[in-house]
Amino acid sequence: MADSEHPRLILHNFLPLDLCKELEFIHKSCGTVGYRPNVFSTTLSHLIATNCAHFIMPIIPIRERLREKAEEYFGCQYELFVEFTGLISWCRGASIGWHSDDNRPYLKQRDFAAVCYLNSYDADFKGGIFHFKDGEPADIVPMAGDVIMYTADDRNIHSVDEITEGERITLTLWFSRDASYDEDPKLISSLSPDILGVADSKLHSYIPMPGSINMYWFPPDEASSFLSGFDIRCGRLHVLGFDIYPFQDTFHLSESESSYNLLELLSGPLLIARDSKMFEPQFLNIMHALQMVQFYLWKFFNLKTKVEGTSPNITPTSQTQKAEIDSLKSVVLKDLQLAERFFDHSKPIKDMEYEFDWDNFSAAVLEWQCYVVKLQKELVLHLPHWKTNQSIFCVTLGGDLED
C-alpha cells in the first residue's frame, strides 16, 4: 500500500467496533494526565499499578496480531518486541507538528509504530487528521477499527491536526528490534504475586486503587497547588450528570481544609448522586465509581428495555448533602468550564438526562462484577505461562475458565 521509500500499511476494519468500545471504556475509566498538552493516557504499567491488571487481557490479542502483521509486512519475522503499549486520547487543543517517532536520542530504539483508531472522525471528534509529509497515502482520516502502521524513522515524517472538538482515542504501540527495550519482562515483574493466589476473586482483589492525586489533575502544572483546573475523574463524572458524596458521617467541608486533604477524600468510600437522588450502595473510591458509570455507558445505556428485578436503593438528596456536594465540587472541579470543554461533546452525554435509568444502572453494577471476575480469572491462568517465558502472549486455556 506504500512505495518502498515510505513503508506504511493501512488496515481497514482491523478491530471490531465492540472491541473498540471496550478499550474506550477501559481508557475513560483508568486514564491519567498524559505526556503532551491536552492528552490523556492509560499505560499497561499504570493498569497494573492501580489494581486493574485484568484490563490488559482484552489488549493482549491485539498486540499479538499487530506484531505479527508488522513482522510480515516489514519483513522482520520473529525480530520485533513491543516497546510500548498504551491507550491515548487527544482532547481539544491537542496537536503535533512534523516529526518522526524516533526523533529523540532516547527514542532511537523505536523501529515501527502502530496506531489503532478506537473512535471516528466527525462522529466522535473534529480535527485530528493524520498527515504523512511524503509518499502515499498522505492523509489518514481516523475511523474506528482502522490501523496505520509505519516505520518510526524519517521515512515517515508525519503530523496530526489540532483537535477542535471531542476526544480522539487510539491504542498505540511501538515495536523495537532491540530485546533490551521489550516491555514484557518489566510488566511481568510488576504483576503482584498475590494474583496467583486469587481463587474466587474476592471483591477487594479487583477494586481499582487510585494512583497519586497529581496524576489525575489537569492541567498538570497546577497539580502542586490545585488552585485551578480539575480532577479528570470528577470531570468525566460531571459531564455525565453525576456528583460524588464522601461516605463519612463526620464529613464536613470548611475553609480551613486544604485542597489536598479534600482531594484525598476521593480515595475513600463515596456515594454518587444524580438529579437530586443518591445511589445508596457505596463505592470504595472515585475510580470504582467512575468504572461503574463508564461500564453503564458502554453496556447498558443503549438498552431499549428496562432491566427488571434489580431494586436499586435510591434516596432523595438532602439539602445538607446538596450543599456539601457543591462544596466538594468547587474543590475537585475548580475550572468547571474547562472540564466541560474537554469532555462534554458526545451525543450520548447530551441525551443521557432523558434516557438514564437507575434500574439499568444497578444491573450494570452487578454485570461489571461478572466482567472483571472473568478477566481476573483469565489473568490468573495466563500469568504462570508469562512468568515462565518472560513474555506476554495469548494462551489456549480450553475449559479452564468454566465455573
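The values are calculated or read from the model by the stated rules, or taken from the named source; none is laboratory data. None of these values were measured; they are calculated from a predicted model. Neighbour counts are summed over all protein chains in view; Cβ atoms, including those assigned to glycine, are modelled from backbone coordinates with ideal geometry. Surface accessibility is based on the protein's heavy atoms, side chains included, excluding ligands, DNA and RNA. Shrake-Rupley method; radii C 1.70, N 1.55, O 1.52, S 1.80 Å.
Some notes on this structure:
- Unique match (being open to solvent by 30 Å² or more (accessible area, probe 1.4 Å) and either at pLDDT 95 or above or not in a helix (DSSP H, G or I) (or both)) among Glu340, Glu367, Glu402, Glu353: Glu402
- Of all residues in the stretch 49-70 being assigned to a helix (DSSP H, G or I) and open to solvent by 20 Å² or more (accessible area, probe 1.4 Å), the one that is modelled with the lowest pLDDT: Ala49
- Tally, over the stretch 137-188, of residues that are more than 22 Å from the chain's Cα centre (by Cα) and in a strand (DSSP E or B): 7
Here is a yes/no grid of residues against (1) of a type in the set (Asp, Glu); (2) in contact with a Cys (Cβ under 8 Å, 6 or more places away or on another chain); (3) open to solvent by less than 30 Å² (accessible area, probe 1.4 Å); (4) in contact (Cβ under 8 Å) with a residue 12 or more places away in the chain:
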residue	(1), (2), (3), (4)
Asp124	yes, no, no, yes
His131	no, no, no, yes
Ala144	no, yes, yes, yes
Val147	no, yes, yes, yes
Tyr150	no, no, yes, yes
Asp153	yes, no, no, yes
Glu162	yes, no, no, yes
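Residue-wise test of (1) under 22 Å from Asp326 (Cα atoms); (2) open to solvent by less than 80 Å² (accessible area, probe 1.4 Å); (3) modelled with pLDDT of 75 or more; (4) not in a loop (DSSP other than H, G, I, E, B).
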| position | (1), (2), (3), (4) |
| --- | --- |
| Leu253 | yes, yes, no, no |
| Leu262 | yes, yes, no, yes |
| Leu290 | yes, yes, yes, yes |
| Val293 | yes, yes, yes, yes |
| Tyr296 | no, yes, yes, yes |
| Phe301 | no, yes, yes, no |
| Lys304 | no, no, no, no |
| Glu308 | no, no, no, no |
| Ser311 | no, no, yes, no |
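- Qualifying residue in the stretch 81-90 (condition: in a loop (DSSP other than H, G, I, E, B) and not β-branched (Val, Ile, Thr)): no
- Of all residues in the stretch 80-112, those satisfying the criterion of being open to solvent by less than 40 Å² (accessible area, probe 1.4 Å) and without any contact (Cβ under 8 Å) to a residue 60 or more places away in the chain are Ser100, Asp102, Leu107.
- Flag if Tyr73 is aromatic (Phe, Trp, Tyr) and not in a helix (DSSP H, G or I): no
- Among residues of the stretch 196-222, those that are modelled with pLDDT under 70 and under 22 Å from the mean Cα position of the chain (by Cα), counted: 2
- Taking the stretch 379-392 as the range and being open to solvent by 30 Å² or more (accessible area, probe 1.4 Å) and either in a helix (DSSP H, G or I) or among the basic types (Lys, Arg) (or both) as the test, the residues that pass are Leu381, Pro384, His385, Lys387, Thr388, Asn389.
- Of the residues making up the stretch 1-48, just one is basic (Lys, Arg) and open to solvent by less than 20 Å² (accessible area, probe 1.4 Å), namely Arg8.
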